[in-house]
């Protein structure tokens, strides 16, 4: 059953000069996906691809320029701040840097318990008891609630961030690079904690990360973003075993391999250069300026997501049997 539905979501940040609108940064441009209950959807892509902006749009921390956004059947875009408050209890976020997300002057009991007070769920002794339960749930002793953030390691601080996200009993948690700021040795512990909580509480995750191995481990479905667009979407193992978009191939090729022969075979699909500016995205396929397979149609016509196999979609003219490229004709035949 679908919990979150995103349809053609767009966010353009206006650029002004001397009080006049002179352009826009097209951070998110027509993104569509769904997050089923109790499942994890991974969102991957290079820095600047629009992943974090998408997360903030989903949580209505930003108002979209256009598009549709429904949470458990409710239209989030049509809701005002007062109407959104009860829905915010059911949507929470775990930030990348736990120490930046925690007030250094607040004890943990107050940081984790603040959502309980804001939403009128618990105060006083009830709040302390609930915070103790939440800390135990994420693997920390309840006695730590009277400490301050600087008294914890990075992994422990991230567990506290997860406890705070759990405080209101959410259905959806957005994990925005939730393990990238902790040591590699701690990442597995945090990821296993998230998977355990998902099993026990039926949580749905929108999981944003740069590390493809991390995304593969936690995700049921993967959406690959490039320059504000989703260029590939499908089941996690399908996307990793049979990538359908050259950009996805390049991302997978960039993952270090202990096998030198495998590393050499992947070197030919690494995308050269940097992504273009989202202020002036190139016409046609936005990846064509870096794609080793680009042909004339890629430079003029914007591809759309189309099914290349059951449940697997890609926005690439190479996957169109009538695309006109040699590779497309060979695959069609």
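The values are calculated or read from the model by the stated rules, or taken from the named source; none is laboratory data. Remember, it's a predicted structure, so these values are computed and weren't measured experimentally. Note that we place each Cβ from the backbone using ideal geometry, even for glycine, and neighbour counts take in every protein chain shown.
Which of the residues spanning region 57-87 are in contact (Cβ under 8 Å) with a residue 40 or more places away in the chain and closer than 27 Å to residue 134 by Cα? Within region 57-87, 58, 59, 71, 72 qualify. Among the residues of region 61-87, the ones that are closer than 15 Å to residue 3 by Cα and part of a loop (DSSP other than H, G, I, E, B) come to 3 in all.
Out of the residues in region 91-110 meeting the condition of being more than 30 Å from residue 75 (Cα to Cα) and buried (at least 20 other Cβ atoms within 10 Å of the Cβ), tell me which one is modelled with the lowest pLDDT. Checked region 91-110; the qualifying residue modelled with the lowest pLDDT is 98. Scanning region 13-34 finds no residues that are within 28 Å of residue 255 (Cα to Cα), in contact with a helix residue (DSSP H, G or I) (Cβ under 9 Å, 6 or more places away or on another chain) and assigned to a loop (DSSP other than H, G, I, E, B). Exactly one residue out of 30, 23, 42 is within 16 Å of the chain's Cα centre (by Cα) and either closer than 19 Å to residue 281 by Cβ or without any contact (Cβ under 8 Å) to a residue 24 or more places away in the chain (or both): that is 30. Scanning region 37-71 for residues that are touching a strand residue (DSSP E or B) at 6+ places or on another chain (Cβ under 8 Å) and on the phi > 0 side of the Ramachandran plot returns 38, 45, 50, 60, 67.
Taking region 134-143 as the range and being part of a helix (DSSP H, G or I) and either in contact with a helix residue (DSSP H, G or I) (Cβ under 8 Å, 6 or more places away or on another chain) or in contact (Cβ under 8 Å) with a residue 40 or more places away in the chain (or both) as the test, the residues that pass are 134, 135, 136, 137, 142. Scanning region 301-314 for residues that are outside any loop (DSSP other than H, G, I, E, B) and in contact (Cβ under 8 Å) with a residue 24 or more places away in the chain yields 308, 309, 312, 313, 314. Out of 285, 291, 298, which single residue is at pLDDT 75 or above, touching a helix residue (DSSP H, G or I) at 6+ places or on another chain (Cβ under 7 Å) and not in a loop (DSSP other than H, G, I, E, B)? Testing whether each residue is at pLDDT 75 or above, touching a helix residue (DSSP H, G or I) at 6+ places or on another chain (Cβ under 7 Å) and not in a loop (DSSP other than H, G, I, E, B) leaves just 298.
When the residues of region 163-190 are filtered to those that are more than 18 Å from the chain's Cα centre (by Cα) and assigned to a loop (DSSP other than H, G, I, E, B), the one that is surrounded by the fewest Cβ atoms within 10 Å (Cβ to Cβ) is 183. Restricting to region 72-87, name every residue that is under 21 Å from the mean Cα position of the chain (by Cα) and closer than 16 Å to residue 8 by Cβ. Across region 72-87, the qualifying residues are 75, 76, 77.
From the residues in region 163-203 that are in contact with a strand residue (DSSP E or B) (Cβ under 8 Å, 6 or more places away or on another chain) and farther than 23 Å from residue 113 by Cβ, which one is modelled with the lowest pLDDT? Applying the filter and picking the extreme gives 177.
Could you tell me whether any residue of region 116-128 is within 24 Å of the chain's Cα centre (by Cα) and either surrounded by 19 or more Cβ atoms within 10 Å (Cβ to Cβ) or touching a residue at least 12 places away in the same chain (Cβ under 8 Å) (or both)?
In the first step, residues of region 116-128 are kept if they are within 24 Å of the chain's Cα centre (by Cα); the result is none.
No, there is no match, as no residue in region 116-128 is within 24 Å of the chain's Cα centre (by Cα) and either surrounded by 19 or more Cβ atoms within 10 Å (Cβ to Cβ) or touching a residue at least 12 places away in the same chain (Cβ under 8 Å) (or both).
Residues that are within 19 Å of residue 52 (Cβ to Cβ) and part of a helix (DSSP H, G or I) within region 191-219 comprise 194, 212, 214, 215, 218, listed in sequence order. Residues that are out of contact with any strand residue (DSSP E or B) (no Cβ under 9 Å at 6 or more places or on another chain) and assigned to a strand (DSSP E or B): does region 144-162 have at least one? Looking for residues that are out of contact with any strand residue (DSSP E or B) (no Cβ under 9 Å at 6 or more places or on another chain) and assigned to a strand (DSSP E or B), one finds none in region 144-162, hence no. Of the residues making up region 42-59, those that are outside any helix (DSSP H, G or I) and buried (at least 24 other Cβ atoms within 10 Å of the Cβ) are 42, 43, 44, 45, 49, 50.
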